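The values are calculated or read from the model by the stated rules, or taken from the named source; none is laboratory data. All values derive from a computational prediction rather than experimental measurement. As a convention, Cβ positions derive from the backbone with ideal geometry for all residues, glycine included, and neighbour counts pool all protein chains shown. Heavy atoms of the whole protein, side chains included, go into the accessibility calculation; ligands, DNA and RNA do not. Shrake-Rupley method; radii C 1.70, N 1.55, O 1.52, S 1.80 Å.
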Amino acid sequence: MNASEIRELLKLLDQPDVISFAGGIPDPALFPTGVVEQAYARILADPARSGPSLQYSVSEGYAPLRAWIVRHMAALGVPCDIGNIVITAGSQQGLDFIGKLFLSPGDTALVTAPTYLGALQAFNPYEPRYDTLALGGNRTPDSYREAAAAAGGRVGLAYLVPDFSNPSGETVPLAERLALLDLAAALDTLVVEDAAYQALRYDGEPVRAIQALDVERSGGIEQCRTLYCGTFSKTLVPALRVGWICGPSAAIAKIVLAKQAADLHSPTINQMVMHEVAAAVYDAQVEKIRKVYHQRRDAMLAALARHMPEGVTWTRPEGGMFVWVSLPEGMSGAALLARAIAECRVAFVPGGAFYGEGRCDNRLRLSYSLSDPGQIEAGIGRLGALIRQVRAGA
């Protein structure tokens, strides 16, 4: 287990002169604070609900919230019922439980390159080996299976963030989602769909959820092999720590046992508040934040086009919170960060931390979610000038 480079970089947010493109976190100015405050007040003022809200509860989660999630999943093309949903302390806890249940030491986890750093942190304690999930390549199921067996285990799961991935911002096309399901069936392994950013689409056509495709192919939620990890952290508020896993009831039952051992249940009052907030403003809140983050995404892409020297390239995400930048070969993102903080007071996340195997040191992740267009213009301008200096040997 290692310290998160992102968690350490978040400490820079306390330094007012640093323009931070590091933490991929929502803008607190956009939180539905008043709605949250009113929900707490209503629940605590109601004698019929105040006691239960502060009491122990069931590990599966607050039933009305799970029922809301059932309707939400149905809108995504995943018919299910309340027995297919367990509430977790954010989707991050869900990843930990999945690693605990499906990975033994020496097993292989298939992950994209790059992949979400938090998933690597969740899986690492269970001592897996990582192999690159190359959906657009020509690797065969046998090549994955044989490599896993040679390492002394099996392919335990395939993990990805298919929509506006953290860190790359890229979206997995429909054909590659279908190819992933073919691969998982051939390997008889689990697919973990991390959908943290799925709602944050700004342009382009939506791509169907992997679990929706799986349910359609397999004949129902009970026959599918995909676990969908959802969260309210990027759409409503992160601090209540409310996420969920949707999947076959047999898998959910095992996850509930892991939940019981970990923390008994997520805080009851937080789940009750989240249910009220989601029922009242979810669609309006998503529309609100889409408009703001869309503007900031456009501002960052425009600033990169204006200020980055030749040899620097970047992704053009259709949603989410991130742009993935490739520096010229031989330039280190980690070394650039040290100079960026010291010389121009700009922060980002070096790309090397986002790889399960091997490292690409000339990559970096930029998040636009916390900065207004003026800050984005200033910060990218400073960063572009520094990259020119580094290339010139200064």
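Just a few scattered comments:
- Flag if LEU65 is part of a helix (DSSP H, G or I), touching a His at 6+ places or on another chain (Cβ under 8 Å), touching a residue at least 40 places away in the same chain (Cβ under 8 Å) and closer than 18 Å to SER233 by Cα: yes
- The listed residue being touching a helix residue (DSSP H, G or I) at 6+ places or on another chain (Cβ under 6 Å) and either part of a loop (DSSP other than H, G, I, E, B) or at pLDDT 95 or above (or both), out of GLY384, GLY330: GLY384
- Residue within segment 382-393 that is on the phi > 0 side of the Ramachandran plot, surrounded by fewer than 17 Cβ atoms within 10 Å (Cβ to Cβ) and free of Cβ contacts under 8 Å to residues at least 12 places away in the same chain present: yes
- On inspection, THR189 qualifies as more than 28 Å from TYR282 (Cβ to Cβ) and either modelled with pLDDT of 95 or more or open to solvent by less than 50 Å² (accessible area, probe 1.4 Å) (or both).
- The test for being among the small types (Gly, Ala, Ser), touching a Pro at 6+ places or on another chain (Cβ under 8 Å) and modelled with pLDDT of 95 or more holds for GLY106.
- Scanning segment 50-102 for residues that are open to solvent by 50 Å² or more (accessible area, probe 1.4 Å) and within 17 Å of ALA209 (Cβ to Cβ) yields ARG71, ALA74, ALA75, PRO79.
- Failed item, numbered, when GLN211 is tested on (1) part of a helix (DSSP H, G or I); (2) open to solvent by 20 Å² or more (accessible area, probe 1.4 Å): (2)
- Residue within segment 288-299 that is more than 25 Å from PRO238 (Cβ to Cβ), among the basic types (Lys, Arg) and open to solvent by 10 Å² or more (accessible area, probe 1.4 Å) present: no
- Any hit, segment 307-321, residues being assigned to a helix (DSSP H, G or I) and open to solvent by 10 Å² or more (accessible area, probe 1.4 Å): yes
- Qualifying residue in segment 157-169 (condition: surrounded by fewer than 24 Cβ atoms within 10 Å (Cβ to Cβ) and part of a helix (DSSP H, G or I)): no
- Of all residues making up segment 159-207, the number that are farther than 26 Å from ARG145 by Cα and of a type outside the set (Val, Ile, Thr): 19
- Figure legend. Inter-residue proximity from segment 123-144: first residues in contact (Cβ under 8 Å) with a residue 24 or more places away in the chain and on the phi < 0 side of the Ramachandran plot, second residues open to solvent by 40 Å² or more (accessible area, probe 1.4 Å) and among the hydroxyl-bearing types (Ser, Thr, Tyr), beta-carbon distance below 9 Å, spacing 6+ or different chains. Indicated pairs: TYR126/SER104; PRO128/SER104.
- Among the residues examined, PRO125 does not qualify as assigned to a loop (DSSP other than H, G, I, E, B), out of contact with any His (no Cβ under 7 Å at 6 or more places or on another chain) and modelled with pLDDT of 95 or more.
- Matching residues in segment 239-264 - criterion: being in contact with a Gly (Cβ under 7 Å, 6 or more places away or on another chain) and more than 22 Å from GLN211 (Cβ to Cβ): ARG241
- Taking the criterion of being more than 22 Å from LEU160 (Cα to Cα), touching a helix residue (DSSP H, G or I) at 6+ places or on another chain (Cβ under 9 Å), open to solvent by 10 Å² or more (accessible area, probe 1.4 Å) and in a loop (DSSP other than H, G, I, E, B), the residues of segment 240-266 that qualify are LEU240, HIS265.
- Any hit, segment 198-206, residues being over 20 Å from TYR368 (Cα atoms) and either charged (D, E, K, R) or within 18 Å of the chain's Cα centre (by Cα) (or both): yes
- Note on segment 131-152: residues that are assigned to a helix (DSSP H, G or I) and either open to solvent by 70 Å² or more (accessible area, probe 1.4 Å) or under 23 Å from GLU170 (Cβ atoms) (or both) total 5.
- A count restricted to segment 343-368 and to residues that are touching a Phe, Trp or Tyr at 6+ places or on another chain (Cβ under 6 Å) and either assigned to a helix (DSSP H, G or I) or open to solvent by 10 Å² or more (accessible area, probe 1.4 Å) (or both) stands at 2.
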